[in-house]
Amino acid sequence: MVDTRDRWHQACVGAAGSLRLPLVATTPVLTETFYFAAKRGVVWPTWTFIRNGGIRLAMITDADLPALET
């Protein structure tokens, strides 16, 4: 969504309009997000999206682990 050069950017932005923000992500998802953001040179827009309330960080607890196996 943050890479305006991506051929799917407009479609993602359009689809994002129907989502309720903030999106929820875990630490591993956030780590991978910044890995790909760095590869594409869009770390700053990614930070901007997060700091503007686009993503909320959720913790994975031991109680969550059985659900993650499926």
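Taking only the alpha-carbon atoms of the chain, what semi-axes of the equivalent ellipsoid follow from 5 times the gyration tensor eigenvalues under a square root, in whole Å, largest first? Kindly include the intermediate steps, with their values, before the conclusion.
On the way: eigenvalues 118, 43, 29 Å².
Semi-axes, largest first: 24, 15, 12 Å.
Which trypsin sites (Lys or Arg not before Pro) from the stretch 10-70 combine a DSSP loop assignment with at most 12 other Cβ atoms within 10 Å?
On the way: sites: ARG20, LYS39, ARG40, ARG51, ARG56; in loops: ARG20.
Taking the stretch 10-70 and a limit of 12 other Cβ atoms within 10 Å, the loop trypsin sites (Lys or Arg not before Pro) found are ARG20.
For THR48 and ASP6 in the same chain, what is the full-extension length gain: residue separation times 0.36 nm, less their Cα-Cα distance, in nm?
Extra length from THR48 to ASP6 when fully extended: 13.3 nm.
Using only helices, what value at 222 nm comes out for the chain when you add -39,500 (n - 2.57) per DSSP H run of length 4 or more and divide by the total residues, to the nearest 500 deg cm²/dmol? Write out the running numbers ahead of the final one.
Working: 4 runs with 33 residues, N = 70.
Calculated at 222 nm, the ellipticity per residue is -13000 deg cm²/dmol.
Please compute the contact order of the chain in relative form: average sequence separation of alpha-carbon pairs under 8 Å and at least six residues apart, divided by the residue count, as a percent. Numbers along the way, then the final one.
Details: 45 pairs, mean separation 26.7, N = 70.
Relative CO of the chain lands at 38 percent.
Once the Cα atoms of helix 27-40 and of the chain are each reduced to a long axis, what angle between those two axes, in degrees from 0 to 90 to the nearest 10, is obtained?
Helix 27-40 and the main axis of the chain meet at about 20 degrees.
Which of LEU21, PRO45, MET59 sits closest to the plus end of the dipole of the chain, meaning its Cα is farthest towards the positive end, when Lys and Arg get +1 and Asp and Glu get -1 on the C-beta?
PRO45
Let's see if you can work this out: charge +1 on each Lys and Arg Cβ, -1 on each Asp and Glu Cβ, no other charges. What is the dipole magnitude of the chain about its Cα centre, in debye to the nearest 20?
420
Each value in this text was obtained by applying a stated rule to the coordinates, not by laboratory testing. Because the structure is a prediction, the values reported are computed rather than measured. Note that each Cβ is placed from the backbone with ideal geometry, even for glycine, and that neighbours are counted across all protein chains shown.
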